[in-house]
Every structure is written in C-alpha cells, then in structure tokens.
1. Given a cut-off of under 8 Å on Cα pairs at least six residues apart, what relative contact order in percent is computed for the range 169-229?
2. Two decimals, Cα atoms only, Kirkwood Rh: what is Rg/Rh over the range 241-356?
3. Any chance you could tell me what percent of the C-alpha pair distances in the range 117-174 go past 17 Å?
4. On a full-extension model of 0.36 nm per residue, what is the gain between Gln109 and Ala342, subtracting their alpha-carbon distance, rounded to one decimal in nm?
5. Any idea how far the Cα center of the range 146-200 sits from the one of the range 252-328, in Å?
6. Tell me the label-point distance for the pair Leu28, Glu380, using the 7 Å Cα-to-Cβ offset, in nm and rounded to one decimal.
7. Taking the range 264-316 as the region of interest, what is the percent of Cα-Cα pairs per 5 angstrom bin, listed from the shortest bin to the one with the maximum distance?
8. Given a 1.4 Å probe and the protein chains all in place, what does the accessible area of Tyr298 round to, in Å² to the nearest 10?
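The values are calculated or read from the model by the stated rules, or taken from the named source; none is laboratory data. Values in this document were obtained by computation on a predicted structure and should not be read as measured data. We place every Cβ from the backbone using ideal geometry, glycine too, and count neighbours over all the protein chains shown. In case anyone asks, the SASA skips ligands and DNA or RNA and just uses the protein heavy atoms, side chains included. Shrake-Rupley method; radii C 1.70, N 1.55, O 1.52, S 1.80 Å.
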Amino acid sequence: MPTDTVGSRIRYWRIRRGGMSQTVLAGLAGLSQPYISQVESGHRSIDRRSTLIAIAAALQVTVADLLDQPGDPTDPALLGAADAVPAIWAALLEISDGDRRVSTMPSEQVTVGLRDSNQRRLAADYPAMARGLPALLGEAAGHGGPILAEAAYQAATCLRHLGHRHLAVDAARIAQAAADDVDHHAWAGAARFAYVQALPVEAAGVASGVAARAMGDLQQQAADPRVRQVLGQLHLAAALRAASDGHLADADGHLVEAEREAATLGDPGSGGGFNTMCFGPTNVVLWRMAVAAEAGEYGRVIELSRTVSVDVLPIANRRQAYWMDLGRALAHSGRTDTQALAAFSRADQIAPSLFVLNPLAREAVAAMVRRARRRAVSKELRTLARRLSISTDVEPPAMGEG
C-alpha cells in the first residue's frame, strides 16, 4: 500500500489497527466520515495541527508518523543532510556529557563560522546548514557561553526543520545551559523559544507552560531590548501552541501582548534584531495568520495577508510562512486554486529546500492536483507537483468507506 501522503498513511494505520473503519476513526477523532474519506483519497488536505493531533491520537501513533518525519534519508531533497545528523547527535551527546574538547579556533574565527551558518539559516537552506554543524558545535563547545548558546540554537532550528525534533530538544537544552552559565538572559530566552518550537505538536500544553515560565523569568530583564524581542517571540510561540490545543482565547491574549511589545520596538530593520528573530509588527501579523489558519478562519488569513509586506524580513522561513499560510487558506475551499498555486509557487521560490521538505506543502499541492484532474492540470501546477514528486497522471482512489 503506498504511503506517500498523509491521507495514505492515515489509511495504512487505520487498517493496521484491526481494520478500523473510517466511521470509527472519525468518531474517535471528533470528525466526520466523509472528511476522513476525502483526506484518505487525497481530495482534501489537513490544514490544522489540532486535526492531525486528533487523528494521530485515535490511531495511537504520533503526528510525526503521519507526516513521515524525518522522512527517507535517501531523499534527494535532503542533499546529504541525513548523513550529517548522526554527527550532530554525537556532538550534542559529547557536549551534554561535559567532555568538551579544547577549541582549535579563536573565538573570533568561531564567530565567523556562526555568522556563515546563520546566513544558511536565513536562507532556510537547512541541508547545507546541517553539514557544517558537527564541526561548529565542537569548536563552540570549547568556548561555551553565548558562542555555544548560538551554535546550539542554530542546531535546534536546523534539526527541527529537518524533522528531528527529539534532537532539536536536546540542542535547545544545551543552548539554555550555556546561556545560564554566564547569565545571558537574551540567549537564555532564545534557547527556551527554540525548546518550545522543538517540542512535538502533541505537547502543546507542555510548550505553553514552558513559554509562560520563560516569560515570567525574563520580565525582570525587560529593560534590555534584546530580552523584549525574545519575550515577544515567546508570546507568539505560546499563541500558536494554545491555538493548537483549542485555547483560542489564550492564543489571542498572547498575540495582544506580542502586539504591545512590537508597537514599542518596531520592525528590526535589515539586521533582523537579536539573533535575527525578526520580532516586530510584521512578524506578529504572520503569526496571527498562522493562528487564524489553526482556528479554521481562512477568510481572516486572507484579510491579514493584505495588511503586511513580508519583503522587509531578512529570514526566508518567515517570508515563506506568509505565502504557505496564504496558499493553504486559498486552497481550502477548492474555488481559488489558481491564486493558491501562485502563493505556493512564491513559497517555493523563496526557500526551495524548505518547501520540498514541508509535508503540509505536499498535502496541499496533492489535493489541488486531484481536483485539477477533473479539468486539466496546468503547466504551473504540474511543475510544482514535479518538485514535490507528486504524480499528475494516476487516477485518484475511489471515495467512500474503506
């Protein structure tokens, strides 16, 4: 049985669970049988984290199982990144065990390496970033403090986007310990932001609690603009996690607090602010779009998209997030697939490797392809489907109870 989409993997696990019917799965997940049928056949994509969590829980698997993360290590899209992950893991274990090697580089040279790695992070080229991280982590560990905190933060970000969340959690913990060793409050907050982001989507409640404690710890240091930027980012992360957990009022409260901070700080300019986190009014709107999408308010996503220009942000994954959320909102009804295609194409242009590695991008485009087969698959959609290894020729499976 092919399992190359979320829908096909849902069907695979449903059958593995003693031939569970779509009706039973729908009842356990709080969804409808026609919806499950449409998802399994590829006619609809799953747009909300909460839906993935509910289905995974009903099937007694993880969301990562449904998204096939971290994926096939031989996938050309990984461009050798999978080969670097064991070495990154070994470097993290060595640092955690306290057996830190003496750095062969002066701190200035390691800082240059961090800057180069961060440029790959800004471009969302995580496969290239991964290949340089084992050596960079080893050298940074010899210096400790903010240098190690930054290297470990970069590792957490890279590993999360490559689907290795358990390792990203380890890296975030190392970043926090390094920052705490020298009382660097901004880096300590950034490390906890990385930790919240790395936690699996099923752990929304845990993530919200971690974010709340981090914000409480940082309040006394809020006179530092860097700390305030991190506080704002923590509010944004907590907002999305609260929305994923069904607590929309809490999510809105965090967004309001983030807007208050952003209004006084303004957009950070071409440098992106502390740690290039890009906290400011523009980024707050992007997270509002993500929360609206999680709440199923697709019209609101489209409205918000018209109020902001993402070109001011130097970090590609935030610019891409704008076009991905807009594309998914436009694709939701199936009536504006042409506009959705334009949005997804823009997301692909901004960060090609991240787009190809994004399982939700694949799901949305696959659903558009299946809808387009009733007419004709356009050249533009065929090109995007080819980028994601989606067939445009095979007929969709039959609908109905399976």
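1. Numbers: 47 pairs, mean separation 19.3, N = 61.
Result for the range 169-229 is 32 percent.
2. With Rg and the Kirkwood Rh in hand, the quotient comes to 0.97.
3. On the way: 483 of 1653 pairs.
Beyond 17 Å sits 29 percent of the P(r) for the range 117-174.
4. Full extension from Gln109 to Ala342 adds 79.7 nm.
5. 22
6. For the pair Leu28/Glu380, the computed spacing is 4.1 nm.
7. 5, 22, 27, 20, 15, 9, 2
8. Roughly 30 Å² of Tyr298 is accessible to a 1.4 Å probe.
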